[in-house]
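Below: the structure, in structure tokens.
Derivation of every value follows stated rules applied to the coordinates shown; laboratory data play no part. If you're wondering where the values come from, they're calculated on a predicted model, not measured in any experiment. Here the Cβ is made from the backbone with ideal geometry for all residues, glycine too, and neighbour counts use every protein chain on show.
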Amino acid sequence: MDSHARASKTAPSSHDQPADGSPLSVSSVYGRALEMNYKEFIGQVQHRLEYAQFGQAVRATRAVLTTLGERLQEGEATDLASPLPMEIDRYLTHAEHGQRFDYQEFLDRVADREGVDRADANYHAQQLLAVVAEVVPAGNLEKIDGQLPEEFDPLFELIETAEG
């Protein structure tokens with residue numbers, strides 16, 4: 001990842017504060033409605049999946065995003081990853097990109113990585129994408145949706161419900 005993209009993930013410094021000393025809003029620095037750090041992101045996943053332990057949410061995040069990274073072309077995976085916390089973006093960026101497999105194979109890979117059944121893998125993938133949608137610009141998700149075959153539409157089901 002280039003230094004510009006990595007620099008966009010760093011927290012604002014004291015030099016970035018307004019002259020009047022007022023707190024700096026996240027949206028004024030990042031131009032997005034929501035900026036999450038690693039613990040906040042995983043905490044959202046943990047809450048959505050109703051997991052008791054943080055590690056379970058980390059495992060689900062890694063399983064879904066690594067598998068998605070494998071299915072996407074490198075450029076799209078990088079675009080999707082760039083607004084995410086750096087501890088999470090690597091699941092997308094370090095995958096073996098550009099593999100061709102269908103949605104059932106996607107779910108099988110997620111299920112195998114996470115140690116759950118296919119139905120849970122589907123639910124977890126949908127919830128993960130909903131959390132990603134809170135951080136990533138809509139245009140990035142639209143590019144991902146457009147790159148994937150129609151059979152991947154269930155992956156975006158919770159996002160479309162939330163938006164429309």
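Net charge of the neighbourhood of residue 101, taken over other residues with C-beta under 10 Å away and scored Lys/Arg +1, Asp/Glu -1, is -1.
Stokes-Einstein diffusion of the range 72-129 at 4 °C, 1.567 mPa s viscosity, Kirkwood radius from Cα pairs, rounded to a whole number: 106 µm²/s. Computed packing ranks the peptides 68-75, 79-86 as 79-86, 68-75, most packed first, by mean other Cβ atoms within 10 Å.
A cut-off under 12 angstrom between Cβ atoms defines the neighbours of residue 79, and their net charge, with Lys, Arg +1 and Asp, Glu -1, is -3.
Applying the criteria of a DSSP loop state and at most 16 other Cβ atoms within 10 Å to the chymotrypsin sites (Phe, Trp or Tyr not before Pro) of the range 83-164 yields 101. Extension gain for residue 102-residue 123 works out to 5.9 nm (0.36 nm per residue, less the C-alpha to C-alpha distance). Compute the Cα gyration tensor for the range 37-163, then decide on rounded, prolate or oblate, letting a ≥ b ≥ c be the square roots of its eigenvalues: rounded whenever a/c is under 1.5, prolate when a/b is larger than b/c in the other cases, and oblate in all that remain. It comes out rounded by the Cα gyration axes.
Spin-label model, residue 53/residue 153: points 7 Å from Cα along the beta carbon direction are separated by 3.8 nm. Across the range 70-97, the residues whose backbone nitrogen lies under 20 Å from the label position 7 Å along the beta-carbon direction of residue 142 are 73, 75-84.
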